[in-house]
1. Name the residues in segment 263-286 that are within 18 Å of R225 (Cβ to Cβ), within 13 Å of the ligand (Cβ to nearest atom) and surrounded by fewer than 20 Cβ atoms within 10 Å (Cβ to Cβ), would you?
2. Testing G259 on (1) in contact with a Phe, Trp or Tyr (Cβ under 7 Å, 6 or more places away or on another chain); (2) more than 23 Å from Q230 (Cα to Cα); (3) of a type in the set (G, A, S), one condition comes back false. Which one is that?
3. From G259, G255, G215, grab the single residue that is surrounded by fewer than 17 Cβ atoms within 10 Å (Cβ to Cβ) and under 23 Å from P116 (Cβ atoms).
4. I need the full set of residues from segment 294-328 which are of a type in the set (D, E, K, R) and within 30 Å of S92 (Cβ to Cβ), in order please.
5. Tally the residues that are away from the ligand (no atom under 11 Å from the Cβ), of a type in the set (S, T, N, Q) and assigned to a helix (DSSP H, G or I), restricting the search to segment 174-218.
6. Can you tell me which residue is nearest to the ligand (Cβ to nearest atom) among those in segment 131-152 that are outside any helix (DSSP H, G or I) and either touching a strand residue (DSSP E or B) at 6+ places or on another chain (Cβ under 8 Å) or on the phi < 0 side of the Ramachandran plot (or both)?
7. Determine whether segment 93-100 contains at least one residue that is modelled with pLDDT of 95 or more, in a helix (DSSP H, G or I) and within 18 Å of the chain's Cα centre (by Cα).
Amino acid sequence: MSLYYRLSILMFIFILLLCFTTIIFSSQATIVNTSLIRHRILTFDYYDKTCPQLEQIVGFVTSQKFKVSPATAPATIRLFFHDCFVQGCDGSILISSKPGSKELAEKDAQDNKEIPEEAFDSIEQAKAMVESKCPGVVSCADILALAARDYIHLSGGPYYPVKKGRWDGRTSMASLVYANIPHANSTIDDLLKLFSSKGLTINDLVVLSGAHSIGFAHCKNFVNRLYNFQGTNKPDPNIDPRLLKSLKMSCPQYGGNIGVVAPFDATTPFAFDNAYYQNLQGKLGLLASDNVLFLDPRTRPLVQDLGKDKNKFFGDFSLAIEKLGNISVKRGKKHGEIRRVCSMHL
Ligand code: HEM
């Protein structure tokens, strides 16, 4: 065998080995990227040694805030949801846009501008208090996850344990928000596609939508249903006539006050309960995207089950929000940071 021939064979084996190891490494990288592994990197005892008072401090701030401004509860739950759906649960929604920067931060995207400032304030307050006890240790992303849980519980919803260990993201871009957030006019297929792209199931979609058991929506998000549903120049036939009448009074077709809001849950607007699902069955849903959950045969049975059983809703919601809180979580200096002030990078 000539030397040249032997060298060619060796070269071939070398390339084969290289390809093989690359495949192994890249498939490991893929495994590391799955939400399942990320799920495992969060733990209940993450701050047990470094900040044992964490949950107590966050609990103190949220309960004080809830007393003076109960609307902070739904606002913070929405804040958590929008944080997790855009680049994962990494507190990137809390960052303020840099003055003079071309790219705005997530917070200033159109979809997030409606989130009341109180929600941002309460996270910032909790963070300041946590920093005074355990400086440079706890991420804003974890504080947001804990605060959302506290507000759910303060509003009458379930109390579930929260896993911790999220790091804060290093980037925040308004341009990423629209495509990653569901909208009031999203179809059921849009919603299912979006939730599935985040690793969430059809059940998670219906169960997490139950967060609309509390909180408010601006007229612009449902005004088409009142006057010109799907271009028909008529109201949505799937809206209760009494609800239609009262919503029309708050939200005229033209020239209304853009700040006016209506409660999601017409029957128990301040209680986190399963009345949301009963309302959907009685044509009392507020957004078209709420209503479709009852209209579509794939999701209707889930709505019916949750409407019958509050304990089931609470149990399922606790599991689904844990999944939400695991979406693309970051760990380590390469991907993240632990911010001292949630609105500003280090
Ligand atoms: C399934 C698709 C969803 C759509 C299309 C949707 C859309 C909306 C819209 C348009 C508003 C009203 C914003 C405003 O006018 O100020 C809103 C509010 C709210 N959303 Fe959703 N949402 C969805 C899912 C969720 C999920 C999964 C959660 C939490 C787990 C959530 C929590 C909230 C809360 C609590 C409010 C009330 C906010 C407040 O009162 O300040 N939403 N949502």
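1. Listed by number, the list holds a single entry, P263.
2. So the condition that G259 fails would be (1).
3. G259
4. D316, E322, K323
5. Result for segment 174-218: 5.
6. Only one residue fits best here, namely S139.
7. Yes: segment 93-100 contains one or more residues that are modelled with pLDDT of 95 or more, in a helix (DSSP H, G or I) and within 18 Å of the chain's Cα centre (by Cα).
The rows are residues; the columns are (1) of a type in the set (K, R); (2) surrounded by fewer than 24 Cβ atoms within 10 Å (Cβ to Cβ); (3) modelled with pLDDT of 95 or more; (4) out of contact with any His (no Cβ under 7 Å at 6 or more places or on another chain).
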{"position": "E106", "(1), (2), (3), (4)": "no, no, yes, yes"}
{"position": "A128", "(1), (2), (3), (4)": "no, yes, yes, yes"}
{"position": "G136", "(1), (2), (3), (4)": "no, yes, yes, yes"}
{"position": "S139", "(1), (2), (3), (4)": "no, no, yes, yes"}
{"position": "R149", "(1), (2), (3), (4)": "yes, no, yes, yes"}
{"position": "S155", "(1), (2), (3), (4)": "no, yes, yes, yes"}
{"position": "K163", "(1), (2), (3), (4)": "yes, yes, yes, yes"}
{"position": "R166", "(1), (2), (3), (4)": "yes, no, yes, yes"}
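The values are calculated or read from the model by the stated rules, or taken from the named source; none is laboratory data. What you see is a predicted model; the values in this text were computed from it and never measured. Note that we place each Cβ from the backbone using ideal geometry, even for glycine, and neighbour counts take in every protein chain shown.
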